[in-house]
Structures are given as C-alpha cells and as structure tokens.
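One structure is given below, encoded as structure tokens.
The values are calculated or read from the model by the stated rules, or taken from the named source; none is laboratory data. Note that the coordinates shown come from a computational prediction; the quantities given were computed from them, not determined experimentally. Here the Cβ positions follow ideal geometry from the backbone for every residue, glycine too, while neighbour counts run over all protein chains shown. Only protein heavy atoms, including side chains, enter the accessible area calculation; ligands, DNA and RNA are left aside. Shrake-Rupley method; radii C 1.70, N 1.55, O 1.52, S 1.80 Å.
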Amino acid sequence: MGLTIPKKRFDSQRSIVIGFKDFMSISDIFDTSQNILDGRWGTSLIIAVSIKEPPTAAFVPKNPFQDMMQNKFLDEESSDVCFEVSTVEANEDNTSRARTLIPFRAHRFILEICAPMLAELFGDGEPPVVTVNDIKPDVFHQLLWYVYGGTVPETPLKEYAKDIIDAADKYSIVNLKLEAEAAYVESTTITADNAMDNLLYADAKKLAVLKEAVMDFLADNGGEVIGNVSLDQFPGHLVRDLLVATTRRNEGDSGRDDDFTTMRVSELRRKLHEKGVGMNVDGSREAMIEALRSGAAAS
C-alpha cells in the first residue's frame with residue numbers, strides 16, 4: 001500500500017517555501033494500516049529523491065572595447081599617422097651598414113589619449129610621418145601594442161626588458177615601464193659584480209623596485225660588498241635607501257599599515273594606486289611616501 005505525503009507550506013527565514021518539511025509523522029509510521037513496518041519492526045519504506053540542477057548563469061560576452069582597439073593596431077585603412085622606425089643592418093660584405101625604415105601605422109586620437117608624448121612627435125599638423133631612430137623595431141612593436149591595450153608576452157618582456165624600460169621611460173608609458181622593471185628584477189641575479197651598475201641604472205631611470213633589490217643585496221651581503229664592490233660611485237642621496245634596507249633586514253618587513261618608512265616599494269605603489277594617484281608610482285621612494293602622507297593629511 002502506498003503512502004501519499006502532502007506538500008506543506010513552511011516559513012524558512014521569513015520566506016514562504018513550498019515543500020516537504022517533514023517526510024511523515026511518527027503516528028503514520030506505527031499505524032499498522034499503512035504497512036510501513038514489517039513484523040520485525042523493520043521498515044519497508046522506499047524513498048525517491050529528485051535533485052534538480054540549478055540553472056546556469058547566463059553567458060554574457062565581455063565588453064568588446066579592448067578587442068575593437070586591438071583590431072585597429074597597425075590598421076592601414078583607418079590610420080592617420082605613421083612611425084618609421086629605423087633599423088641598421090650589416091651588409092653581406094660587412095663593409096658598410098644599410099639603413100631600413102619599418103612603418104608602424106597608428107591613430108593620432110588613440111596616441112593622444114594613451115601615449116601623449118608619442119602623439120607630440122607629429123606636432124599639430126603635417127607631416128603625418130615621423131622617423132624614430134632610437135628604438136629597435138621589435139621593441140617599438142611591443143611598445144605600440146601596449147598602447148593599444150595589448151599585453152607584452154613574458155618572453156620578449158624579459159628579453160628586451162632594459163630596452164623597453166628605456167623606451168617607455170622616454171615616452172612616459174608608465175605602466176609598461178613598471179612591468180618591464182618587474183620582469184628585469186625577476187630575471188636578474190644581483191651580484192657583487194653587477195650591483196653598482198644596476199644601482200646607477202635604477203637611479204637614472206627611477207626604477208624603485210630595482211633600486212630596492214640592489215639595496216637588499218648590499219644589506220644582506222655586507223662582507224662580500226666591502227671586499228669586492230667599489231663604493232666610490234655610490235650616490236650620496238641613496239644612503240637613506242640603504243639604511244631602510246638595513247633596518248628592514250634587522251627588524252623584518254612587519255609594521256603598521258600607515259608606517260611608510262620601511263614599507264616595500266610595491267606596497268607603496270599599491271597604496272598610491274588605490275588612492276587614485278597612480279602617476280606618482282613612477283617615482284622615488286621618498287616621492288611616493290610624500291604623496292601618501294600628503295593624501296592622508298588632505299583626507
């Protein structure tokens with residue numbers, strides 16, 4: 001004999017739900033007319049469970065703006081300006097060098113928004129073509145691709161890291177410069193032989209993460225440094241950075257969230273970005289700290 005259990009309405013956290021709150025009552029189980037219990041007081045009840053899969057979220061394509069921008073990269077039909085990037089190659093007899101100009105077509109409007117210093121090369125009007133002599137074509141390709149919203153792959157980012165840093169620094173493409181700096185630091189082992197060269201390069205290009213990496217090496221390897229590194233060229237204005245690295249080595253990185261004195265450069269940059277003053281991330285440690293303190297005082 002089958003047993004029909006009616007649906008019940010019950011309150012679940014103030015929401016009315018229709019379903020089976022209780023499968024059956026005790027009185028139903030012990031009611032011999034229901035034939036639920038056999039003679040040994042065991043059950044002969046079979047329960048069927050139906051599970052309904054929740055509906056999947058609706059698929060919505062991403063905003064197509066980035067793809068539309070990248071589809072215009074080097075587009076000859078819609079472009080209105082052109083960079084001619086010079087490359088110098090040796091002739092077969094190695095007696096002279098041939099100069100070749102490689103064209104990179106672009107859009108003035110996009111350059112004015114995303115790379116104003118590149119746009120300025122064209123002036124206010126004609127000609128719509130300019131020659132670039134100080135950047136390798138492969139590097140310029142990655143630079144312009146980034147301007148159009150692209151991502152520089154890891155391999156060329158590391159292979160051309162210093163070239164990309166130099167180009168991005170010259171034309172003030174800040175985020176690409178920071179990406180190339182991070183790739184250079186990740187792929188470079190600081191040693192006693194290259195510490196000073198890397199420090200001077202970092203200081204000249206305002207590469208705060210690279211500078212911090214060199215200072216950490218100097219603080220961690222004092223004995224090796226004293227015996228093998230000439231400090232005659234050590235910039236006097238960087239003594240504070242070395243003291244910060246030494247203090248952090250002795251006391252660790254922990255500290256108050258609002259104590260910027262020994263905070264890592266990446267953390268300082270993150271805080272500046274969160275406060276909406278991202279342009280200051282391409283600066284010295286002292287400049288970033290001053291910007292953060294000024295922002296805190298203003299708020």
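Just one of the numbered conditions (1) of a type in the set (Asp, Glu); (2) in contact (Cβ under 8 Å) with a residue 12 or more places away in the chain; (3) open to solvent by 60 Å² or more (accessible area, probe 1.4 Å) is not true of GLU251: (2). Taken over region 156-198, residues that are among the polar types (S, T, N, Q), within 29 Å of ASP232 (Cα to Cα) and not in a helix (DSSP H, G or I) amount to 4.
Whether a residue is touching an Asp or Glu at 6+ places or on another chain (Cβ under 6 Å) and either more than 12 Å from LEU176 (Cα to Cα) or among the aromatic types (Phe, Trp, Tyr) (or both) was assessed, and ALA119 passes this test.
For region 121-152, filtering for residues that are in a loop (DSSP other than H, G, I, E, B) and open to solvent by 70 Å² or more (accessible area, probe 1.4 Å) leaves 7. Might you let me know whether region 241-250 holds any residue that is modelled with pLDDT under 90 and over 27 Å from GLU179 (Cβ atoms)? Looking for residues that are modelled with pLDDT under 90 and over 27 Å from GLU179 (Cβ atoms), one finds at least one in region 241-250, hence yes. When GLU181, GLU186 are screened for being open to solvent by 20 Å² or more (accessible area, probe 1.4 Å), among the acidic types (Asp, Glu) and within 16 Å of the chain's Cα centre (by Cα), only GLU186 passes.
Of the residues contained in region 252-261, one or more are found to be in a loop (DSSP other than H, G, I, E, B), in contact with a Leu (Cβ under 7 Å, 6 or more places away or on another chain) and of a type in the set (A, V, I, L, M, F, W, C).
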